[in-house]
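See structure below.
The values are calculated or read from the model by the stated rules, or taken from the named source; none is laboratory data. Quick caveat: nothing in here was measured; it's all calculated off a predicted structure. Cβ placement follows ideal geometry from the backbone for every residue including glycine, while neighbour counts extend to all protein chains displayed. Just the protein is used for accessible areas: all its heavy atoms, side chains included, with ligands, DNA and RNA removed. Shrake-Rupley method; radii C 1.70, N 1.55, O 1.52, S 1.80 Å.
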Amino acid sequence: MRAVAVAKPAGDPELMRLPVPEPGPGEVLIKVVAAGLNPLDWKLADRARSGETAEPAVYPLIYGVDFAGKVAALGEGVTRFAEGDAVFGQPKRVPVGAYGTYAEYVIAAEDGVLAVAPENLPLPLAAALPTAGQTALSLLEAAGLGEGQTLLLVGAAGGVGSFVTQLAAARDVKVIAVTRGVGERVMGELGAAETVDAKSGPPVDDLRETYPDGVDALIDLASDAEQFAEYAALVADGGVAVSTVHSAEPEALARRGVEGVNFVIAPSAGLLARLAAEVAAGRATVQLDAQVPLADAPDAVARSRAGKSRGKTVILV
Ligand SMILES: NC(=O)c1ccc[n+]([C@@H]2O[C@H](COP(=O)([O-])OP(=O)(O)OC[C@H]3O[C@@H](n4cnc5c(N)ncnc54)[C@H](OP(=O)(O)O)[C@@H]3O)[C@@H](O)[C@H]2O)c1
């Protein structure tokens, strides 16, 4: 099969031919229609290269953790799925690189992060959902936000941020979107009440003036520890400040009465199914940045590393 992988730890991702994997007991072989691109794809490869992860890795290391496609074959004992089912989700994760989704076929566990794709959503769009969508839904729960509360969302225009903005707005949460150059019109269409530019650094003084009583929650998808602390200073007593890039210092925040969270997604079939329901109900749509053929995936990965993400990129396999 065709796949985009790194041949050895120091290599760059490239298109290559690899054997089609075979489903074992309880596993499903999926013919991939599209893979969603996430920063996690290149972060996993980087961590494997530097030995930063405890998880074993194999080479060639195939990129990708999100997919949508059709069930092509069933391993022994599989009952939840049938051949031809349209599904989306995430494959087995360990060893890293063995089950990447930038490939024509991928293996997922029947009882893993696998669900029937949302009805009426083309599979290339469903491929954009698993990591960013599950993260967005869980983040909102971690922040414990409800109607009328205020959310400061940093990195709001990217893959996760565009889902958080929509899902929060659908819950009547007031979203203050912090972006670097993505304006009021684009973010407003997603449901943001206000859009603030951070091109010249965190606009905390302006925000403090507009929100003298502070915000109820911060969800920060981008800042390092120093900038995160600046934003977190805007969270009111009793509020919560969440980082997806491990920038929160929970002990320091607790001294101010703010709950600090370094969020780590716990993907599951249940979360995927709830996400599919949100999409089916129109509470979130996929904001597509680009659709690229598999051969162009290495360039798309390079663009993701360089930033400037506006919604999601999907790789058509
Ligand atoms: N912990 C977890 O379980 C978990 C789960 C999912 C994702 N993540 C991580 O969360 C991060 C976001 O994921 P994603 O898929 O949304 O990434 P993405 O699609 O690349 O989006 C990131 C967005 O943040 C913006 N940004 C970067 N620096 C910024 C700053 N200083 N101020 C304001 N905006 C800024 C980027 O804009 P520009 O580059 O255009 O300026 C881009 O729009 C990634 O690092 C990802 O690995 C963690």
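Observations on the model:
- Kirkwood analysis of the Cα pair distances in segment 131-262 returns a hydrodynamic radius of 14.1 Å.
- Spherically averaged projected area of segment 16-135 from its Cα convex hull (nm²): 7.2
- Taking θ as phi - 60° and the Karplus parameters 6.51, -1.76 and 1.60, the scalar couplings of segment 154-159 work out to 9, x, 5, 8, x, x Hz in sequence order, x denoting glycine and proline.
- Whole-angstrom gap from segment 191-248 to segment 92-120, using each part's C-alpha centre: 35
- Low-density loop cleavage sites - trypsin sites (Lys or Arg not before Pro) in segment 209-275, where at most 12 other Cβ are within 10 Å (DSSP): Arg255
- Unsatisfied cross-links (Cα-Cα over 29 Å) in the set Lys8/Lys31; Lys92/Lys174; Lys92/Lys199; Lys8/Lys92; Lys174/Lys308; Lys31/Lys174: Lys92/Lys174; Lys92/Lys199; Lys31/Lys174
- For the chain, the Kirkwood estimate of hydrodynamic radius, built from reciprocal distances between every pair of different alpha carbons, is 20.0 Å.
- Global form of segment 196-239, assessed from the alpha-carbon gyration tensor, a/c cut-off 1.5: oblate
- For segment 130-198: rounded, prolate or oblate by the Cα gyration tensor [a/c cutoff 1.5]: oblate
- Among beta bridges that DSSP assigns inside the chain, antiparallel share in %, nearest 5: 50
- Restriction of the GluC sites (Glu not before Pro) in segment 108-210 to DSSP coil positions whose beta-carbon has at most 13 other beta-carbons within 10 angstrom yields Glu119, Glu147.
- Protein heavy-atom surface of segment 205-317, 1.4 angstrom probe: 49% of the accessible area is carbon and sulfur, with nucleic acids and ligands not counted.
- Centre-to-centre, using Cα atoms only, segment 287-317 and segment 1-51 are separated by 15 Å.
- At a probe radius of 1.4 angstrom, the accessible area of the chain per residue rounds to 43 square angstrom.
- For segment 49-89: rounded, prolate or oblate by the Cα gyration tensor [a/c cutoff 1.5]: prolate
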